[in-house]
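This report concerns only the one structure given below.
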Amino acid sequence: FCPVAASSTPTHSPTKTVTETPTTSPVAATDPPTSSPTKSPTLSPIASTDAPTSSPTKAPTPSPVASCVCSPLSYTFTINLNQNCDTDTFIDHPGIGDTVCLVINDDDVDFDTLKVIDVQFLQVDTSGNLIVINQDDTYNNVSLSTGDTITFDSVSAKLNPDEPLSSQLNYVPGGVLMSLRAKSEGSETIVTNRVSWMYTNSCESVPTSVGDAIGWITLSDQTEASQAFCPVAASSTPTHSPTKTVTETPTTSPVAATDPPTSSPTKSPTLSPIASTDAPTSSPTKAPTPSPVASCVCSPLSYTFTINLNQNCDTDTFIDHPGIGDTVCLVINDDDVDFDTLKVIDVQFLQVDTSGNLIVINQDDTYNNVSLSTGDTITFDSVSAKLNPDEPLSSQLNYVPGGVLMSLRAKSEGS
């Protein structure tokens, strides 16, 4: 599948050999995911060949594509594990551009005992570059069931009505990305529901309503936007320096919410704005077949990475290769961190397809609940290792990676 590759190693049905040396034994790798997107966003293919921008040390100021901010100042969601990605009423609103819903690793799961163990709430800017401007990990190490509620403040609650919107674009959300991870009783398999919705930032409509649902969550309450930034909003509530009131009722006390992140992207990708108003596709129950944009597969069959916590997002040599389209690097919540005692506690390895729709075709959570330091190694097999050389590539596009997304979470001693 790659005429310039040095090896002719067959790729059909390999056996994984893991060479990692974590100081705590990782849990077993999860099975290849099944995924159920409800709508495919209209992002451009991620293997773009456009020239990347320079390497800022902080997140760039988002492009001024937002004319209003009519999205909520806060969200309260009710969990419903009886729903799946066939449920999506967010897409029905004119203020919503696109939605995506994926359920990963839901085969052979006992939904009667399924509990959500953590929830991550992210907001991205309006530039289309998926720059995270707000991250909330309040609900970490919890046990949530159907009927429990979770609440998050929007970054837009920091908008000052006495200042022009154009000078506060770092507080203007272009969309929401949420990840809910769950486990059944007696099982180590992690089932993940990833949902996202993107805003058009139109001045003509409020994009969400109480009762809207997607995947495992239903919007059960919201604080509407301020009329200072949304003329059709019902409330004129001021948005400057709010006090957060959390109304969640998890069965285990959540940890404290993280501070607003500082982020250090190395390159801004050239994706089209995610708040696209193109008509979404229909709602398949499985991941759609990726668009045939790949002619060869020259990416590795497996990866071994060495952790170096002394590096940061100023380091990026991946972008120097002609086979790489774009790269993004973010370090979030790195203020006041003791890097001398910092340990990586989990690593997630994702591969997405070639369609540009960020459809996950491989997820590996092998390195969960570990303690990794500089010098430790981690190994992942690529989904492309499943390619069969006796079959045409065009019939195996679900095994063709368009890119890699990795997340490494770390904590310092006593923090």
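Considering region 71-95 alone, what residues qualify as being closer than 17 Å to V210 by Cβ and open to solvent by less than 10 Å² (accessible area, probe 1.4 Å)? The answer is S71, P72, Y75, F77, I79, F90, G95. Mind checking which residues of region 292-313 are open to solvent by 50 Å² or more (accessible area, probe 1.4 Å) and either aliphatic (A, V, I, L, M) or modelled with pLDDT under 50 (or both)? Those that are open to solvent by 50 Å² or more (accessible area, probe 1.4 Å) and either aliphatic (A, V, I, L, M) or modelled with pLDDT under 50 (or both): P292, V293, L301. Within region 168-181, residues that are within 24 Å of I217 (Cα to Cα) reach partners that are of a type in the set (F, W, Y) with beta carbons closer than 7 Å, at six or more positions or on different chains, in the pairs P173/Y199; G174/Y199; G175/W197; G175/Y199; V176/W197; M178/F121; L180/W216. Take the conditions open to solvent by less than 20 Å² (accessible area, probe 1.4 Å), in contact (Cβ under 8 Å) with a residue 60 or more places away in the chain and closer than 23 Å to S209 by Cβ and apply them to T146. Does it pass? Answer is no for this residue.
Residues in region 359-405 that are assigned to a strand (DSSP E or B) and open to solvent by 70 Å² or more (accessible area, probe 1.4 Å): N369, L405.
Of the residues that sit in region 87-122 and are within 20 Å of the chain's Cα centre (by Cα) and of a type in the set (D, E), which one is farthest from N134 (Cα to Cα)? Filtering region 87-122 for residues that are within 20 Å of the chain's Cα centre (by Cα) and of a type in the set (D, E), the one farthest from N134 (Cα to Cα) comes out as D106.
Note on region 104-136: residues that are closer than 30 Å to G186 by Cβ, surrounded by fewer than 24 Cβ atoms within 10 Å (Cβ to Cβ) and not acidic (D, E) amount to 9. Of the strands (runs of 3 or more DSSP E) lying entirely inside region 168-228, those containing at least 1 residues that are touching a helix residue (DSSP H, G or I) at 6+ places or on another chain (Cβ under 9 Å) and open to solvent by less than 10 Å² (accessible area, probe 1.4 Å) span 190-199, 217-223.
The values are calculated or read from the model by the stated rules, or taken from the named source; none is laboratory data. Keep in mind the model is a prediction, meaning the values are calculated, not measured. A quick note on method: Cβ atoms are made from the backbone with ideal geometry, for glycine too, and the neighbour counts reach across all protein chains shown. SASA here: full protein model, heavy atoms, side chains in, ligands and nucleic acids out. Shrake-Rupley method; radii C 1.70, N 1.55, O 1.52, S 1.80 Å.
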